[in-house]
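Single-structure report; data block below.
Read-outs: derived from the displayed coordinates by stated rules, not from any lab. Predicted, not measured: the structure shown is a model, and the values here were computed from it. Glycine gets a Cβ as well: all are built from the backbone with ideal geometry, and neighbour counts include every protein chain shown.
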Amino acid sequence: MSCSVTLRALTLRRDGVCLCEGINLDVSHKEKIAIIGPNGCGKTTLLETLVGLRLPQGGTLELFHQPMTCEKDYEPLRFVVGYLFQDSDNQFLSPIVEDDVAFGLLVNGVSVEEARLKTRMMLEDLGISHLAKKVVYHLSGGEKKLVALAGVLITEPKLLLLDEPTNGLDALMQQRLVEILRGIDKSIIIVSHHQEFIDSVVDGVYEMRPKGLTRIR
Ligand SMILES: Nc1ncnc2c1ncn2[C@@H]1O[C@H](COP(=O)(O)OP(=O)(O)OP(=O)(O)O)[C@@H](O)[C@H]1O
Ligand SMILES: [Mg+2]
């Protein structure tokens, strides 16, 4: 099987404390999965490890069949893996919405004109064109989530890691997000406590327990 993510006996630790050990997981190129589990069990820590904000603490982690063992291994994947932070305030890189959304394209060598056009289309797609000139830190919680999501989706990553993507979104926006994610033909890992939402998007649901991930649906 061709996989975007392959985890074998992965251990997650914080400050020397083991959160979860023996994590085995395969996510194929177009597979969408969800990970659920109680507060503090290590779901965000796992996503941070997948995106390279933390290094694996035992076991092995491969992304697109490349072993990730040190920070340098993650570098070529910077725009291949898209990560939506649980806390949107951690996501922003520019103070103005349209600049923040365009950021990933511009640092990736896309021309200013093309980045502007794609940003306009992305904001329209998410129904947030009216926020383009606003200061990100002055937005509501749901608006911040949508702007952060726009900045992640715009680079069309091959692997999407979404931490609590529906937090703060109203019912209409949640439905729009379901449609958008269903329309994306890439690997997606969603961490969420929102059962109805994940059941509308993913192919499989895993529960995080101290001894690893268990597939429950
Ligand atoms: N920056 C940090 N420094 C030290 N410990 C942390 C830090 N961030 C999280 N932790 C601890 O690590 C554990 C796992 O946290 P994590 O954020 O991965 O849980 P989670 O499963 O995502 O929880 P939630 O459902 O509440 O988002 C928790 O006990 C938490 O207190
Ligand atoms: Mg979390």
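Compute the signed sum of charges (Lys and Arg +1, Asp and Glu -1) over the other residues within less than 13 Å, Cβ to Cβ, of V147. Around V147, the charge tally is -2. Among the chymotrypsin sites (Phe, Trp or Tyr not before Pro) found in segment 1-79, those both in a DSSP coil and sparsely packed, with 16 or fewer other Cβ atoms within 10 Å of their Cβ, are F79. Taking a point 7 Å out from the Cα of R116 in the direction of its Cβ, none of the residues of segment 77-99 has a backbone N less than 11 Å from it.
Rounded to the nearest 20 debye, the dipole size of the chain about its Cα centre is 340 debye, using +1 on the Cβ of Lys and Arg and -1 on the Cβ of Asp and Glu.
Report, in whole Å, the centroid distance computed from the Cα atoms of segment 184-209 and segment 92-142. So the two Cα centres are separated by 26 Å. Full extension of the segment from D73 to L93, taken as 0.36 nm per residue of separation minus the current Cα-Cα distance, would add 4.9 nm. Normalised by 2.2 N^0.38 Å, where N is the number of residues, the C-alpha radius of gyration of the chain stands at 1.00.
What lysines could a cross-link reach from K158, if we take a straight Cα to Cα line under 16 Å and drop same-chain neighbours fewer than 8 places away? Those lysines meeting the cut-off are K30, K32, K186. Run down the aspartates and glutamates and flag those whose C-alpha is under 15 Å from the C-alpha of K133, throwing out any fewer than 8 positions away in its chain. The reachable aspartates and glutamates, counting only those whose Cα sits under 15 Å from K133, are E98, D99, D100, E124, E143.
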